[in-house]
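Below is one structure, written out as structure tokens, with a few remarks after it.
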Amino acid sequence: MPILIFFVAHWYLSLFVQTFYLHRYAAHKMFTMNAFWEKFFYAFTYVCQGSSFLSPRAYALLHRMHHAYSDTEMDPHSPHFSSNAFTMMWKTKNIYNDVLNRNYAAAERFEGDYPVWNVMERYADKWYSRLAWGTAYVLFYVAFATAWWQYLLLPIHFLMGPIHGAIVNWSGHKYGYQNFDNHDKSRNSLFFDFLTGGELFQNNHHKLPNRLNFGVKWWEVDPTYPVIWTLDKTGIIKIKKKQKAEKLRAAA
């Protein structure tokens with residue numbers, strides 16, 4: 001039971017920071033937060049992703065490129081230019097490293113005001129940090145695993161962030177239905193996307209990239225949206241549409 005709880009917790013916490021902080025905040029700026037909360041969620045992303053930590057800046061740049069070049073050869077992670085999900089992941093990793101080290105000219109036009117915390121990133125993205133997290137996962141399994149097959153879950157822990165990305169980009173651009181003709185191959189893979197926190201509504205998202213709720217039809221459930229709505233109500237973040245309304249009221 002401890003192994004199952006740990007795996008599910010790691011899956012959904014890593015998923016949350018990827019869709020909430022890396023995707024909707026860093027890449028799309030759908031809402032704002034003050035400096036304290038930006039650093040809090042930066043550190044929270046590191047803790048939740050652990051050995052598979054993804055730089056918010058590098059993630060945001062790759063995602064901007066993905067929208068601009070969706071399902072073309074310039075797309076950093078289109079499944080239609082890779083033979084399988086693993087080769088797509090490897091291609092994305094290489095581009096990610098180049099973007100992280102500012103050695104990828106194609107990303108220059110997408111540079112912007114992304115969350116950057118140099119002190120954290122210099123440590124979090126190093127091999128020894130990833131090794132330390134991986135070792136911690138192994139030690140947890142040694143302490144609590146009750147069957148040999150449970151150790152087969154460890155590679156998923158090691159690569160949790162990239163695995164989430166691979167599921168979304170492979171499935172979300174190959175399988176499912178389309179609500180919109182986006183001139184790409186984006187699909188909505190699930191009706192109730194509790195597996196990837198709303199990320200598998202790719203067709204909706206590519207049509208409406210700044211829409212906070214990735215579900216469009218009444219039966220398309222984006223489970224991350226109510227969490228964001230709650231964080232807005234508590235004042236931790238501020239949804240941009242709300243900011244615009246406040247400015248209009250102030251001007252009146």
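The values are calculated or read from the model by the stated rules, or taken from the named source; none is laboratory data. For clarity, every value in this text was computed on a predicted model and none was experimentally measured. Glycine also receives a Cβ, built like all others from the backbone with ideal geometry; neighbour counts cover every protein chain displayed.
Restricting attention to the stretch 123-143, does a residue exist that is closer than 25 Å to residue 32 by Cα and of a type in the set (Phe, Trp, Tyr)?
No, every residue in the stretch 123-143 fails to be closer than 25 Å to residue 32 by Cα and of a type in the set (Phe, Trp, Tyr).
Conditions (1) surrounded by fewer than 23 Cβ atoms within 10 Å (Cβ to Cβ); (2) basic (Lys, Arg); (3) closer than 24 Å to residue 117 by Cβ, marked per residue:
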site: 13; (1), (2), (3): yes, no, yes
site: 39; (1), (2), (3): yes, yes, yes
site: 83; (1), (2), (3): yes, no, no
site: 92; (1), (2), (3): yes, no, yes
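Identify all residues within the stretch 126-170 that are surrounded by fewer than 15 Cβ atoms within 10 Å (Cβ to Cβ), in a helix (DSSP H, G or I) and either in contact with a strand residue (DSSP E or B) (Cβ under 8 Å, 6 or more places away or on another chain) or among the hydroxyl-bearing types (Ser, Thr, Tyr) (or both); write none if there are none.
Residues satisfying the conditions are 128, 135, 151.
Here are some residues: 82, 70. Which one is modelled with pLDDT of 95 or more, in contact with a Lys or Arg (Cβ under 9 Å, 6 or more places away or on another chain) and farther than 19 Å from residue 133 by Cβ?
70
Per-residue answers, yes or no, for (1) touching a His at 6+ places or on another chain (Cβ under 8 Å); (2) more than 12 Å from residue 22 (Cβ to Cβ); (3) in a helix (DSSP H, G or I); (4) not aliphatic (A, V, I, L, M):
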position	(1), (2), (3), (4)
48	yes, no, yes, yes
54	no, no, no, no
61	no, no, yes, no
70	yes, yes, no, yes
88	yes, yes, yes, no
92	yes, yes, yes, yes
99	no, yes, yes, no
107	no, yes, yes, no
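So that you can scan it fast, the table gives a plain yes or no per residue for (1) touching a residue at least 60 places away in the same chain (Cβ under 8 Å); (2) part of a helix (DSSP H, G or I); (3) not hydrophobic (A, V, I, L, M, F, W, C):
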{"position": "9", "(1), (2), (3)": "no, yes, no"}
{"position": "17", "(1), (2), (3)": "no, yes, no"}
{"position": "24", "(1), (2), (3)": "yes, yes, yes"}
{"position": "37", "(1), (2), (3)": "yes, yes, no"}
{"position": "42", "(1), (2), (3)": "yes, yes, yes"}
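Yes or no: residue 121 of a type in the set (Asp, Glu) and closer than 18 Å to residue 17 by Cα? Give the derivation first.
Details: of a type in the set (Asp, Glu): yes; closer than 18 Å to residue 17 by Cα: yes.
Spelling it out, residue 121 is indeed of a type in the set (Asp, Glu) and closer than 18 Å to residue 17 by Cα.
Provide a single number: the residues in the stretch 184-209 that are in contact (Cβ under 8 Å) with a residue 40 or more places away in the chain, part of a loop (DSSP other than H, G, I, E, B), closer than 15 Å to residue 66 by Cβ and not small (Gly, Ala, Ser).
Within the stretch 184-209, the first condition is being in contact (Cβ under 8 Å) with a residue 40 or more places away in the chain, and the residues that meet it are 184-186, 196-199, 206, 209.
Applying the additional criterion that residues be part of a loop (DSSP other than H, G, I, E, B) yields 184-186, 196-199, 209.
Filter again for closer than 15 Å to residue 66 by Cβ, leaving 184-186, 199, 209.
In the following step, the residues that additionally are not small (Gly, Ala, Ser) were identified as 184-185, 199, 209.
Residues in the stretch 184-209 being in contact (Cβ under 8 Å) with a residue 40 or more places away in the chain, part of a loop (DSSP other than H, G, I, E, B), closer than 15 Å to residue 66 by Cβ and not small (Gly, Ala, Ser): 4 in total.
Can you name the number of the only condition in (1) within 21 Å of residue 8 (Cβ to Cβ); (2) at pLDDT 95 or above that residue 205 fails?
Only one criterion in (1) within 21 Å of residue 8 (Cβ to Cβ); (2) at pLDDT 95 or above is unmet by residue 205, namely (1).
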